[in-house]
Amino acid sequence: MTLKHAFIILIASFVFPAASEAGAAPDGNALNAKVSALLQQMTLEEKVGQLVQYSSSEEVTGPHSQSNVAAEIRAGRCGSMLNVVGADATRAMQDIAMKESRLKIPLLFGYDVIHGFRTIFPQNLGQSASWDLEAIESAERIAATEAASAGVHWTFAPMVDIARDPRWGRIAEGSGEDPFLGAAIARARVLGFQGGDLSRKDTVMACVKHYAAYGAAQAGRDYFTTDVPEITLRDVYLPPFRAAIEAGAGSLMPAFNDLNGVPCSANSFLLTQVLRKEWGFDGLVVSDWMAIQQLIAHGIAADEREACLKSMNAGMDMDMEGLVYLHELAGLVKNGQVSMTRLDAAVTAVLLAKARLGLLDDPYRYCDSALEARSQLMPASLAAARELARKSCVLLKNEKKILPLAKGLRIALVGPLADSKRGMLGSWTAQGKESEAITLRAALEERFPSAVTYAQGCAIQGDSRDGFAAAKKAARRADIVIAVLGERWDMTGEGSCRTDLDLPGNQQALLEMLHATGTPVVVVLMTGRPLTLEKALPFMDALLIAWYPGTKGGPAVVDVLTGAYNPSGKLTVSFPRSTGQIPIFYGHKATGRPQDDAKPREQFLSNYLDAPNTPEFPFGFGLSYTRFNILKPALSAAEMSMNGSIEVTATLANQGDRDGEEVVQLYVHDIAGSVTRPVRELKGFAKVYVRKHGSVPVSFTLRPADLAFTKADMSFDPEPGRFEVFLGNDSNAPKIGEFELK
Ligand code: NOJ
């Protein structure tokens, strides 16, 4: 898919070089030679030691296994640490490995840098709503620059799990429901983190996770079983992983879940067949937290020895915060159940990662405290965080054009998230500091010094109405209410799943009370997942989704509310009307008895008695303060040969009175395949800036490879036949033509 003529705004690229500008990576042969020389000197126990990763006791995301890490490092029984952060802290620990262990192999320091390190960018699902690959790549470049200067070599990101069930809390960490967009964002994130050359001092090794189909957890419950047919696995869940690996991701993390009867941590189909053999991955595979041990609880291993055997032989290289490899692996190698070849391959993957990062030449390369101090929260980083936060906001409703805010209004600022610094940051905040986050209240009061009256109204959860009276009074005296509602930051994320996705606590009642005052109500929704807003929408005049917008979230949201920035975000996940519709996503299959959504419900067609099939807000949807029109859409030909292509062209006209950006989206539908095909699939998008009353040409190239899919025999090819083409600004884009692939 080629995109032309799109005018894309680049952020801070002059400060943080993109991957394409990076210097050449070091010579692979020289690194391999270094690694095999080292391997030859290692004892069996030292080899096993390289496959063991411990967490510092400061930040843990599960039960903690090791209390005397220093002794383990000294004895050569630890190859990597997670959650040790800071140039000085990593230097002190590296010292133990370099000065006190026999082979002096440097440690690898890993950390969860998920949406920023110190400068916190919007939560990942929010970032994806920007549809702005350059801005996302820049954010990761900045995160890598900050993290690497603090001694971090390796981030456990990007998380690329396709998620179609908003009950699942980790939907917040990914890029939504679509494999094409998910793959594009996965690529951008890897390029941003790794910058083209891992030995550079401002890059970190990426770890694409959680492989695979973690987002397909039954009933939206974290860590739960997944059953995903291989065609769906390959066409929906795997593309972002493959894209990340093709972009050079140095490592990968298998998921916690059981996939089709074999937990991912022991799944040789995933870890060996697809990853190594089909995709040619030569990087490092690290388990998730104690995931090897958890094979026992999954019921696939009777004890730690069997868990070790199954995981190792499936292709898992490193054991995160579990002691299974440490305790069992040497014995299994000695009795021949794990071959020395397999062990050496795993150790080579670890050593090669260290070599690529330049650690075998200079173990202290990333331990420079002066660099650390000057790399954090740089003005350009904060500006980029604000810019990405603005681009992430999605305007879903704007009755009577109540937004942008008119000048001179008296504002009642209400709601449990209006003044929550912690709430701005979301989950996985790395070294981000609450004290550095700017709330909407602070930003609004700064912009309109004497026009804002603040009243919290109610808490996020709980049923107290003690704050209602003050909120009502403020609303009555104001010209407009801005209600900042939503979920607490930790109501999404790992282990934070919900069955009820309405506004939590008393917020619906607060909203209804505010609406009843007669003062127009603008809702700013802070959430890490789609909420079910059917009951709340009638009480809102405008709705802006701000997600968890990060360190500069307050000013960014104020930019959008005031029109200093014209909203351009688009949903990357469908918002259901009710939880009963879940899973709901635009790229579903047809049925033999489809219900036409525009027509009344018919018995014996595929529908519900009590709800439409359509979501509240579809994938790709988001409003602007200006009016965009896609004019003169055309296909360059009615036929495409198997080695040809078709151009899809149009003119994007801005017919309103404000400059702005629009995301033009191209979808196709394969009318009849050898297996059933989605009703439509995103195949291209362009985020385009157009001045008011101006227009910009957009064009996309479709090639046969863009139309390929997995067949019943697992081959992956395009099939001849007819295709419908849709071009528009959400997933309900109108049909603009058809072509035949011959
Ligand atoms: C568990 C999470 O599933 C994973 O995403 C994370 O990287 C590790 N813990 C390490 O913190």
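The values are calculated or read from the model by the stated rules, or taken from the named source; none is laboratory data. Note that the structure is a prediction, hence the values are computed from the model and not measured. No Cβ is skipped: glycine too gets one built from the backbone with ideal geometry, and neighbour counts run over all protein chains shown. In case anyone asks, the SASA skips ligands and DNA or RNA and just uses the protein heavy atoms, side chains included. Shrake-Rupley method; radii C 1.70, N 1.55, O 1.52, S 1.80 Å.
For the chain, find the longest principal axis of its Cα atoms and tell me its angle to the long axis of helix 553-562, 0 to 90°, nearest 10.
Long axis of 553-562 versus the principal axis of the chain: about 20 degrees.
Accessible area per residue for the chain in Å², computed with a 1.4 Å probe and the full protein assembly in place, what is it?
Dividing the accessible area of the chain by its residue count gives 35 Å².
Leaving ligands, DNA and RNA out of it, work out the accessible area of Ile736 with a 1.4 Å probe and give it in Å² to the nearest 10.
So the heavy atoms of Ile736 present about 40 Å² to solvent.
Taking segment 599-714, how much of its Cα-Cα pair set, in percent, is spaced more than 18 angstrom apart?
Beyond 18 Å sits 65 percent of the P(r) for segment 599-714.
On the principal axes of its Cα set, how long, how wide and how thick is segment 77-200? Give whole Å, largest value first.
49, 28, 22
Please name which of Phe619, Ile545, Ile96 has its Cα lying farthest along the dipole of the chain towards the positive end, using unit charges on Cβ (Lys, Arg +1; Asp, Glu -1) and the Cα centre as origin.
Ile545
Using alpha-carbon pairs under 8 Å, 6+ residues apart, how would you state the relative contact order of the chain in percent?
15
In whole percent, what relative contact order does segment 512-578 give with Cα contacts below 8 Å and a gap of six or more residues?
Reported relative contact order: 36 percent.
Please give, to one decimal in nm, the separation of the simple spin-label points placed at Asp659 and Phe224, each 7 Å out from Cα toward the Cβ.
Calculated label separation equals 4.8 nm.
Treating only the Cβ of Lys, Arg, Asp and Glu as charged (+1, +1, -1, -1), what charge dipole size does segment 245-355 show about its Cα centre? Round to the nearest 20 debye.
That gives a dipole near 260 debye.
Considering the dipole of the chain built from charges on the beta carbon (Lys and Arg +1, Asp and Glu -1) around the Cα centre, which of Ser199, Ala384, Pro26 is farthest to its positive end?
Ala384
Using the Cα centre of segment 421-479 as origin and beta-carbon charges of +1 (Lys, Arg) and -1 (Asp, Glu), tell me which of Trp428, Phe468, Ser450 is placed farthest towards the positive end of the dipole.
Phe468
Taking the 0 to 90 degree range and rounding to the nearest ten, how far is the long axis of helix 468-477 tilted relative to the main principal axis of the chain, both from C-alpha atoms?
50
Roughly how many debye, to the nearest 20, is the charge dipole of segment 678-742 about its Cα centre, given +1 on each Lys and Arg Cβ, -1 on each Asp and Glu Cβ, and no other charges?
Dipole magnitude for segment 678-742 comes out near 460 debye.
Quick one: of Lys535/Lys570; Lys632/Lys692; Lys570/Lys735; Lys535/Lys683; Lys201/Lys354; Lys683/Lys735, which pairs are farther than 25 Å apart, Cα to Cα?
Beyond 25 Å between Cα atoms: Lys535/Lys683.
Any idea what the dipole of the chain comes to, in debye rounded to 20, about its Cα centre with Lys/Arg Cβ at +1 and Asp/Glu Cβ at -1?
1460
Which length gain, in nm to one decimal place, applies between Asn32 and Ser464 when the Cα-Cα distance is subtracted from 0.36 nm times their residue separation?
Between Asn32 and Ser464, full extension yields 149.1 nm more.
Tell me whether the chain comes out rounded, prolate or oblate; compute the Cα gyration tensor, take square roots of the eigenvalues as a ≥ b ≥ c, and use a/c under 1.5 as the rounded threshold.
prolate
Suppose we keep just the alpha-carbon trace of segment 157-216; what are its Rg and Dmax in angstrom?
Rg then Dmax for segment 157-216, in Å: 12.6, 40.
Helix-derived [θ] at 222 nm for the chain: sum -39500 (n - 2.57) over DSSP H runs of at least 4, divide by residue count, nearest 500?
That comes out to -7500 deg cm²/dmol.
For a quick check of your reading of the filter: which GluC sites (Glu not before Pro) in segment 552-642 sit in a DSSP loop and have no more than 12 other Cβ atoms within 10 Å?
When the GluC sites (Glu not before Pro) of segment 552-642 are filtered for loop state and at most 12 Cβ neighbours within 10 Å, Glu602 remain.
Relative to the first principal axis of the alpha-carbon coordinates of the chain, what is the inclination of helix 133-149, with its axis defined by its Cα atoms, in degrees from 0 to 90 and to the nearest 10?
Rounded to the nearest ten degrees, it is 40.
Given an 8 Å cut-off on Cα distances and at least 6 residues of separation, report the relative contact order of segment 525-652 as a percent.
Across segment 525-652, relative contact order equals 24 percent.
Express in whole angstrom the spacing between the alpha-carbon centres of segment 347-413 and segment 138-196.
Value for the Cα centre distance between the two parts: 12 Å.
What shape does segment 376-419 take by its C-alpha gyration tensor, where a ≥ b ≥ c are the square roots of the eigenvalues and a/c under 1.5 counts as rounded, a/b above b/c as prolate, and the rest as oblate?
Prolate is the answer for segment 376-419, as a/c is 1.5 or above and a/b outweighs b/c.
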